[in-house]
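What follows is a set of notes on a single structure, which appears directly below.
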Amino acid sequence: MSDLKRSYGPEDYSISEYLTYFYDIGVECPYGIKEKAVYRQQQFVSLPDPLLAKFLRAGFRRNGNTLYTMVCPDCRKCTPIRLHPEEFKANRNQKRVFRKNEDLDITMNVLKITEEKLALCSKFLEERYPGKGNSAVGYYGTFFANSITSTLEIEYRSKGKLIGVGIVDIGTDWLNAVYNYFDPDEAKRSPGTFNILYLVELCRKNKIPNFYLGYLIREVRAMSYKKNFKPHYLLIDGQWKKYNS
């Protein structure tokens, strides 16, 4: 994959002029897969909606002000996945999750750092990634708040208590799920699944046709649940292919 243009469809060639400025960084796989991970990335101050839409369509992700794609030499497990909200049909379990969370108060606003959110994010990171040295201040300072596009925050509250936060990028015809953290004590609510269900409804209400979920990694439990949202589309050999199973 040394020539990035070979990986994507003709409709995305308009981003090719930017790709000459991208560079590769090799690191330990952040998902715990044994093969070496290689990020192809570049930093931006800001990106207009149409250009970011093309990067998303080409399988890129955003981390802070960095756009990246994975070009790992011996692994292709990170598969970009998206939904077309108007096509999505909730299964029995997803309907149950939606009903289980009907009591929540949900608000959406511009991203704002508070002590309440930092405490919840810290609790989540300690439970999800123990011993990794991740910090809520680091996540907010370099990942969430350091954005290059329109970024919003969804708060999920139960009887006034903050139990989850979803962070999304939003454009005129796309929505990008950036991150979701929640109170581990509320795991019975299936907060990750509910966050996606809520965002699907948000897309439908606002007639947003493309909802990007990031990577599907079947070998990683925290990433594999995305395959349960059907139909979904996977970026395979430069083409978005529809899957119903």
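Scanning region 201-245 for residues that are among the polar types (S, T, N, Q), in contact (Cβ under 8 Å) with a residue 40 or more places away in the chain and surrounded by fewer than 15 Cβ atoms within 10 Å (Cβ to Cβ) returns ASN228, GLN239. Taken together, ASN195, ASN180 contain a single residue that is without any contact (Cβ under 8 Å) to a residue 24 or more places away in the chain and surrounded by 15 or more Cβ atoms within 10 Å (Cβ to Cβ), which is ASN180. Among the residues making up region 52-65, those that are surrounded by 17 or more Cβ atoms within 10 Å (Cβ to Cβ) and at negative phi are LEU52, ALA53, LYS54, PHE55, LEU56, ARG57, ALA58, PHE60, ARG61, ARG62, ASN65.
Considering region 11-53 alone, what residues qualify as being modelled with pLDDT of 95 or more, over 17 Å from ILE148 (Cα atoms) and within 18 Å of the chain's Cα centre (by Cα)? TYR39, ARG40, listed by residue number. Consider PHE88 carefully, then state whether it is touching a helix residue (DSSP H, G or I) at 6+ places or on another chain (Cβ under 9 Å), assigned to a helix (DSSP H, G or I) and either modelled with pLDDT of 95 or more or farther than 29 Å from GLN42 by Cβ (or both). The answer is no for PHE88.
Yes or no, residue by residue, for (1) farther than 17 Å from ASN101 by Cβ; (2) in contact with a helix residue (DSSP H, G or I) (Cβ under 6 Å, 6 or more places away or on another chain); (3) in the same structural domain as PHE60 (by TED's automatic domain parsing); (4) surrounded by fewer than 20 Cβ atoms within 10 Å (Cβ to Cβ):
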site	(1), (2), (3), (4)
GLU126	yes, no, no, yes
ALA145	yes, no, no, yes
SER150	yes, no, no, yes
ARG157	no, no, no, yes
THR172	yes, yes, no, yes
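Taking region 122-141 as the range and being over 16 Å from the mean Cα position of the chain (by Cα) and either in a helix (DSSP H, G or I) or of a type in the set (Phe, Trp, Tyr) (or both) as the test, the residues that pass are SER122, LYS123, PHE124, LEU125, GLU126, GLU127, ARG128, TYR129, ALA136, VAL137, GLY138, GLY141.
Kindly indicate whether ALA187 is closer than 19 Å to VAL110 by Cβ and either touching a Leu at 6+ places or on another chain (Cβ under 7 Å) or among the aliphatic types (A, V, I, L, M) (or both). In short, no.
The residues in region 192-243 that are under 15 Å from GLU86 (Cβ atoms) and out of contact with any strand residue (DSSP E or B) (no Cβ under 9 Å at 6 or more places or on another chain) can be counted, and the count is 5.
So which residues in region 90-113 are under 30 Å from ASN146 (Cα atoms) and among the aliphatic types (A, V, I, L, M), if there are any at all? Passing the criteria: LEU104, ILE106, MET108, VAL110, LEU111, ILE113.
The values are calculated or read from the model by the stated rules, or taken from the named source; none is laboratory data. These figures come from a predicted structure and were not determined experimentally. Counting neighbours? That spans all protein chains shown, and the Cβs are built from the backbone with ideal geometry, glycine included.
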